[in-house]
Amino acid sequence: MSCIYIVPIWREEKYNLEFLRSKISEIFRKKAQIYESKKINLDSVYNPTRKQYNSSQILIQLLSNHPRDTFRILGVTDVDLFIPILTFVFGEAQLNGIAGIVSVHRLNNKFYGLPENEELLRKRLIKEAIHELGHTYGLVHCLTPGCVMNSSTYVEDIDEKSDQFCSTCFSAIRG
């Protein structure tokens, strides 16, 4: 039976991802499981000039180190991610592929000098994880207000959207 694997990739913080596993399983109607991989090397993807980690390179590592029954694989990290053409990203995924990554680094209020809010962090992480997994199903950014596939340039954009697909995007992932 194929599975959506959630791979914790921690540098400093360690979060219990059971809430995320449960929500992903519910939304995608697939078995989801936490998978501890010892083969992700964050040091090899660190850019000292930017003081960030290359998310595309982490995706390559996820793709080369996953269980045989992988349907999708999602890395969850606490490091600041980038792709060369953007200042930062909340996450990245392969369009029509199997792998995605999301970071809690800029989802956490403490990054913005605000009081920590664990519930808000969890909501943001769920939305971004579902969003990145949506890309693996071939979904692009959606303009329907509130759809989880809305683009998120700022953390406030994440707060404005829901953790659900609009009817058009939902139909596409069920197809």
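Here, each number is a calculation from the coordinates, and none is a lab measurement. Because the structure is predicted, anything quoted here is derived from the model rather than measured. Glycine also receives a Cβ, built like all others from the backbone with ideal geometry; neighbour counts cover every protein chain displayed.
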Which whole-number percent gives the relative contact order of region 37-112, counting Cα pairs below 8 Å spaced six or more residues apart? 28
Using a/c under 1.5 as the rounded threshold, could you call region 3-138 rounded, prolate or oblate? The axes a ≥ b ≥ c are square roots of the C-alpha gyration tensor eigenvalues, and prolate needs a/b larger than b/c, oblate otherwise. oblate
Tabulate in residue order the Karplus-calculated ³J(HN,Hα) for region 48-54, using 6.51 cos²θ - 1.76 cosθ + 1.60 with θ = phi - 60°, rounded to whole Hz; enter x for Gly and Pro. x, 5, 8, 6, 9, 10, 6
Neighbour-limited loop hits for GluC sites (Glu not before Pro), region 1-104 (at most 15 other Cβ within 10 Å; DSSP other than H, G, I, E, B): E12, E13, E36
Cysteines not pairable in the chain (beta carbon separation under 4.7 Å absent): C3, C169
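Shape of region 85-135 from its Cα gyration tensor (a ≥ b ≥ c, root eigenvalues): rounded if a/c is under 1.5, otherwise prolate when a/b > b/c, or oblate?
Values: a/c = 4.03, a/b = 1.74, b/c = 2.31.
Oblate, since a/c reaches 1.5 and b/c is not below a/b.
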Going 7 Å from the Cα of L63 toward and past its Cβ, which residues in region 138-175 have a backbone nitrogen under 19 Å from where you end up? 138-140
Could you check which residue among L62, L143, L114 shows the biggest mean-square fluctuation in a GNM of the chain with a 10 Å Cα cutoff? L114
Please go through region 101-163 and write out the GluC sites (Glu not before Pro) that DSSP classes as loop and that have at most 13 other C-beta atoms within 10 Å. E116
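Please report the antiparallel percentage of DSSP beta bridges with both residues in the chain, rounded to the nearest 5. Present the calculation step by step, with values, prior to reporting the outcome.
On the way: 6 of 23 bridges.
Counting DSSP beta bridges with both partners in the chain, the antiparallel share is about 25 percent.
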Expressed in nm to one decimal, what extension gain is obtained for the pair R11 and F88 from 0.36 nm per residue of sequence separation less their Cα-Cα distance? 26.0 nm
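Nearest 20 debye, what's the magnitude of the dipole of region 3-138 about its Cα centre given +1 on Lys and Arg Cβ and -1 on Asp and Glu Cβ?
Working: 19 positive and 15 negative charges, 55 e Å.
Value, rounded to 20: 260 debye.
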Pull out the extension gain between R29 and Y112, defined as 0.36 nm times the separation in residues minus the alpha carbon to alpha carbon distance; nm, one decimal. 26.4 nm
Please sort by residue number the chymotrypsin sites (Phe, Trp or Tyr not before Pro) in region 103-175 whose DSSP state is loop and whose Cβ has at most 13 other Cβ atoms within 10 Å. Y154
Residue pairs, from the table K30/K127; K14/K110; K51/K161; K23/K110; K38/K127, whose Cα atoms sit over 19 Å apart: K51/K161; K23/K110; K38/K127
